[in-house]
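What follows is a single structure, written as structure tokens, with notes after it.
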């Protein structure tokens, strides 16, 4: 397999993608693990994203932000942004930086499986209770830590 070194445009594209934040969370779409792949050919950029939740109402906003940011780059003539559902998003796609950002925001993120019990992002306790399956967004549920008494959110398994 022959691979070429990234071009200046490739680097700029990834920098732009790292600057686009999820509208519901303080994390870039790259750190969240939404970017499946990026193709660049003759000034045309095609980005495929994996949604964290199939029915996420923020998908159109993310698509528009990515496309707008890419079209603002010199050397980009056209940009398409599509969602792919061929492989579901999992917490394994989160970067370590993204996990830290979410924890500082009060969102508990399982290490690898959703069957893993929730851990309080504030004190590390496992003595937590689910308050509601219905959090502030479709992809999150709310919990209460019995140790430090802080409420927090956690991702639900992808639908």
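The values are calculated or read from the model by the stated rules, or taken from the named source; none is laboratory data. Just so you know, these numbers come straight off a predicted model, no measurement behind them. Methodologically, a virtual Cβ is constructed for each residue, glycine included, from the backbone with ideal geometry; neighbour enumeration extends over all protein chains shown.
Per-residue answers, yes or no, for (1) over 30 Å from residue 44 (Cα atoms); (2) out of contact with any helix residue (DSSP H, G or I) (no Cβ under 8 Å at 6 or more places or on another chain); (3) outside the structural domain of residue 35 (by TED's automatic domain parsing); (4) touching a residue at least 60 places away in the same chain (Cβ under 8 Å):
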position	(1), (2), (3), (4)
88	no, yes, yes, yes
93	no, no, yes, yes
110	yes, no, yes, no
119	yes, yes, yes, no
122	yes, yes, yes, no
135	yes, yes, yes, no
139	yes, yes, yes, yes
148	yes, yes, yes, no
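Go through the stretch 11-42 residue by residue and tally those that are more than 17 Å from residue 100 (Cβ to Cβ), touching a residue at least 40 places away in the same chain (Cβ under 8 Å), touching a strand residue (DSSP E or B) at 6+ places or on another chain (Cβ under 9 Å) and not in a helix (DSSP H, G or I).
Kept after step one, since they are more than 17 Å from residue 100 (Cβ to Cβ), are these residues of the stretch 11-42: 11-17, 19-20, 23-24, 34-42.
Narrowing the set further to residues that are touching a residue at least 40 places away in the same chain (Cβ under 8 Å) leaves 12-13, 16-17, 19-20, 23-24, 34, 36.
Going one step further and asking which of them are touching a strand residue (DSSP E or B) at 6+ places or on another chain (Cβ under 9 Å), we end up with 13, 17, 19-20, 24, 34, 36.
Retained after the next criterion (residues that are not in a helix (DSSP H, G or I)): 20, 24, 34, 36.
Of the residues in the stretch 11-42, 4 are more than 17 Å from residue 100 (Cβ to Cβ), touching a residue at least 40 places away in the same chain (Cβ under 8 Å), touching a strand residue (DSSP E or B) at 6+ places or on another chain (Cβ under 9 Å) and not in a helix (DSSP H, G or I).
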Q: Could you list, in sequence order, all residues of the stretch 47-62 that are surrounded by 17 or more Cβ atoms within 10 Å (Cβ to Cβ) and within 14 Å of the chain's Cα centre (by Cα)?
A: 49, 50, 51, 52, 53, 56, 58, 59, 62
Q: Return the total of residues in the stretch 80-101 being in contact with a strand residue (DSSP E or B) (Cβ under 8 Å, 6 or more places away or on another chain) and in a helix (DSSP H, G or I).
A: 2
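Can you confirm whether residue 69 is surrounded by 14 or more Cβ atoms within 10 Å (Cβ to Cβ) and modelled with pLDDT of 95 or more?
In short, yes.
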(Q) Just to be sure I understand, how many residues within the stretch 102-141 are surrounded by fewer than 16 Cβ atoms within 10 Å (Cβ to Cβ) and touching a strand residue (DSSP E or B) at 6+ places or on another chain (Cβ under 6 Å)? (A) 7
